[in-house]
Each structure stands twice: as C-alpha cells, then as structure tokens.
Amino acid sequence: MRIAIASDHAALDLKAALVAWLAEAGHQVDDLGPHDGNSVDYPDYGYKLARAVAEGAAERGLALCGSGIGISMAVNRHPDCRCALVSEPLSAQLAREHNDANVLAMGARLIGIEMAKACVTAFLATDFGGDRHQRRVTKLSNPVLTKDQA
C-alpha cells in the first residue's frame, strides 16, 4: 500500500519508527517531513499530507504530532480527507469501517510505539463497511444543511 506520513517536531521519533516498520512490511512509504528536530508548525505538514491523500499520491495517510489533535484538525480541513485521531486499535478499525477514514492521527506524547503499530495495523487491515455508512460519509465531504439545522 502507498502510505504518506507527516509529523511535527514532537513526533519525529515515532514517525521514524513507523516509517521503518512500514517499509519493512513491504509498504511504499512517503515521508513528507520534517526530517530534523527544528521546530515546525503542524498545520504545514497536515496540509501537505492531506493534499497527498486527496490527490491520490497515497492511498492512506498517517498524521503525527505531540497530541495528534492539531495535525488531525489540519488534515480535516481538506474536504476529501477523513482523519481520525485514535489511541487504541478498536477506534482505528471503526474509523475505517464506519467512517472510511483515509488518514489516521496519533499523538506521539500520548501513545507508545507498540500501541501505535497496533493502531496502524488495524487501520490498514480494515475495509470500509459501506452500506448504511456511505450516506453519512458522503455528507462529510458534501455538507448539506437540513431544515432542522438551518
């Protein structure tokens, strides 16, 4: 699978470990940066990752920052990205199965490497369930106000 990964400076070590592990497992991994420990702004890397996934350069994306919150917000600004912040595998599985998440976010200061690997494994192994979930997922990219919401 083609996977793009990006982080901020707080998640460099987790990103490096995941890049090596994914490549060893046979995935094509595009490390979108950063590549050194200098302080960077997570939105820059979240937007870069969102573009890569939305434009089809990657099938899935992994977004990492200290908490996972900021970079997931940045990725979700793109209407073609559905980024789920998770800290355990069941949420990663359900994000794929129910929400067709195409980007997974995690917080490097909050999750260990083995738990992160378990989350990524569930994320990559789970297909979208479709059916009753499709209508809701479509609304994520094409929001329409109902008369109750207007």
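The values are calculated or read from the model by the stated rules, or taken from the named source; none is laboratory data. The structure displayed is predicted, hence computed values, not measured ones. Cβ coordinates were reconstructed from backbone atoms using ideal geometry, including for glycine residues, and neighbour counts include every protein chain displayed.
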Just one listed residue, out of Ala50, Ala17, Ala10, is more than 14 Å from Phe123 (Cβ to Cβ), out of contact with any Asp or Glu (no Cβ under 9 Å at 6 or more places or on another chain) and surrounded by 18 or more Cβ atoms within 10 Å (Cβ to Cβ), and it is Ala10
Quick one: would you say Ala125 is farther than 20 Å from Asp8 by Cα, modelled with pLDDT of 95 or more and among the aliphatic types (A, V, I, L, M)? yes
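Residue-by-condition table, conditions (1) surrounded by 16 or more Cβ atoms within 10 Å (Cβ to Cβ); (2) charged (D, E, K, R); (3) free of Cβ contacts under 8 Å to residues at least 24 places away in the same chain:
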| residue | (1), (2), (3) |
| --- | --- |
| His78 | yes, no, no |
| Leu90 | no, no, no |
| Asn99 | yes, no, no |
| Leu104 | yes, no, no |
| Leu110 | no, no, no |
| Thr126 | yes, no, no |
| Gly129 | no, no, no |
| Arg132 | no, yes, yes |
| Val137 | yes, no, no |
So the check is Cβ under 6 Å with 6+ separation or different chains; which pairs have a first residue in segment 49-67 that's within 12 Å of Asp30 (Cα to Cα) and a second one that's basic (Lys, Arg) and assigned to a strand (DSSP E or B)? Ala58/Arg2; Glu59/Arg2
Matching option when the condition is modelled with pLDDT of 95 or more, touching a Gly at 6+ places or on another chain (Cβ under 9 Å) and surrounded by fewer than 23 Cβ atoms within 10 Å (Cβ to Cβ), among Ser72, Ser39, Ser67: Ser67
